[in-house]
1. Output ³J(HN,Hα) for segment 211-226: one whole-Hz value per residue in order, computed from phi by the Karplus curve 6.51 cos²θ - 1.76 cosθ + 1.60 with θ = phi - 60°, and x for Gly and Pro.
2. Tell me, what HN-Hα J-couplings in whole Hz come from the Karplus equation 6.51 cos²θ - 1.76 cosθ + 1.60 at θ = phi - 60° for each residue of segment 245-252, using x for Gly and Pro?
3. For Arg9, what residues show an amide H to amide H distance below 5 Å, using hydrogens built from the backbone and excluding near sequence neighbours?
4. Order by neighbour count: Phe67, Phe255, Phe104, fewest other Cβ atoms within 10 Å first, most last.
5. Enter the mean projected area of the convex hull around the alpha-carbon atoms of segment 172-284, in nm², rounded to one decimal.
6. Going by how many other Cβ atoms sit within 10 Å of their own, how do Ile21, Ile82, Ile194 line up, fewest first?
7. Treating the beta-carbon of each Lys and Arg as +1 and of each Asp and Glu as -1, no other charges, what is the dipole magnitude of segment 172-284 about its Cα centre, to the nearest 20 debye?
8. For segment 23-38, what does the Karplus curve 6.51 cos²θ - 1.76 cosθ + 1.60, with θ = phi - 60°, yield as ³J(HN,Hα) per residue in whole Hz, taken in order and with x for Gly and Pro?
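What follows draws every value from the coordinates through simple rules; no lab data is involved. What you see is a predicted model; the values in this text were computed from it and never measured. Cβ coordinates were reconstructed from backbone atoms using ideal geometry, including for glycine residues, and neighbour counts include every protein chain displayed.
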Amino acid sequence: MTGATRKPRLFIGSSVESLEIAYAIQESLDHDAECTVWTQGVFRPTRQALDSLIQTLDTVDCAVFAFTPDDIAIIRGEQHRIVRDNIIFELGLFMGRLGAAGCFLVAPRSSPALHLPSDLLGLTVLTYNDQRSDKNNFAALGAACNAIRRELPAVARLRREASLDALPVETVQDKYLRLEALWNGDELKRDRAILRAGIPLSALEDEDGVATAALERVYSFLNAVADTLLKDPGLALRARPVFAQAVRSVWERVFAYFTPPSADSSEVWGSDLPPVAKLNLLWAQ
C-alpha cells in the first residue's frame, strides 16, 4: 500500500486497567485504520518512555485515548475520580503534534463526574455503556467507534495536506515551551505543591503514600526530561534557568528518600546513575 492510499495510522492510549477497552477499539476500527495499542511495540526497552512517545508522534495520523476513572484525588477538599496522570500527559503530547481534531477521547458513561484538567474542558468526549449486562465491550464501543470512523477520512486528509516533511523543523524554543507547558500542567502542579509543603524523611515514614506518589511522579517526569536534555545541548542550555533548581532538589530528595539509612547507595541506584542525576552533575560544573 502506498503512502498516498494507506489507511490512517491510529495510536490507542489507555491505562493498564482499561486495556480491554483499548483492544476493543482496535478491533472495531481495524478495517478503517492501522491501529496500534500502546502495548504493541510503542515502548522499547532500550528507550526512555518519553523518547518512545515523541518518536511515535512522527508516525501516526491520529490518536484515541481511553479516559477511565482509575485514580482518586482530593481537589479543593473534595474527592474526585480522575484519569491516570500518564494518560493526560500522553494526550497533551499528541494534541500538541496532531491538534485537537486528531485526538479522540472515549470515556465510560457511568462516570459523568470524571474530573478533567481545566485545559481539557470543552473537548468532546465520546461515551460508551460500560454497564452492559453481557459485558460486551466491542458492542458497547460501537457508537463511539462509528463517530471516530466518520472523522478518519478528514483527519487523514489534513495530515496529507500538512505532511511532516513540509512542516518547519521544531526549534529549540518550541521544544522548551512544550516542556515548560507540561511542567506547569495541573497534575504536576498538584504534586509539586505536595513536595513544597514538606514530605517525610523517607518512604518508610509516609503512612498514606501521598508524598511518595507525588515524588515518584515528579521524579519520573524530570528523569524523562533530563534524558532528552542530555541529548540536546542547545535545549539543555535553554531549559537550565527553569529546571536546574528542580532537578537538583528533586534528585537530592529522591536519593535520600528511597535509600534506606543502613543501605549502600550503590546497591540501591547501581553504578549507572539515572539521567536526572547526570544532568544535575553537568549543571553543577
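1. Result, ordered by residue: 5, 4, 5, 5, 5, 5, 5, 5, 4, 4, 5, 5, 5, 5, 4, 4 Hz.
2. 5, 5, 4, 5, 5, 5, 5, 4
3. Under 5 Å from the amide H of Arg9: Glu34, Asp61, Cys62.
4. On the way: Phe67 27, Phe255 17, Phe104 24.
Least crowded to most crowded, the residues run Phe255, Phe104, Phe67.
5. Values: hull surface 28.8 nm².
Orientation-averaged projected area of the Cα hull: 7.2 nm².
6. Numbers: Ile21 25, Ile82 20, Ile194 17.
By the 10 Å Cβ count, ascending, the order reads Ile194, Ile82, Ile21.
7. Values: 13 positive and 16 negative charges, 135 e Å.
Using Cβ point charges on Lys, Arg, Asp and Glu, segment 172-284 gives about 640 debye.
8. Here the 3J(HN,Hα) series is 5, 5, 5, 4, 5, 5, 9, 4, 7, 10, 8, 8, 8, 9, 7, 4 Hz.
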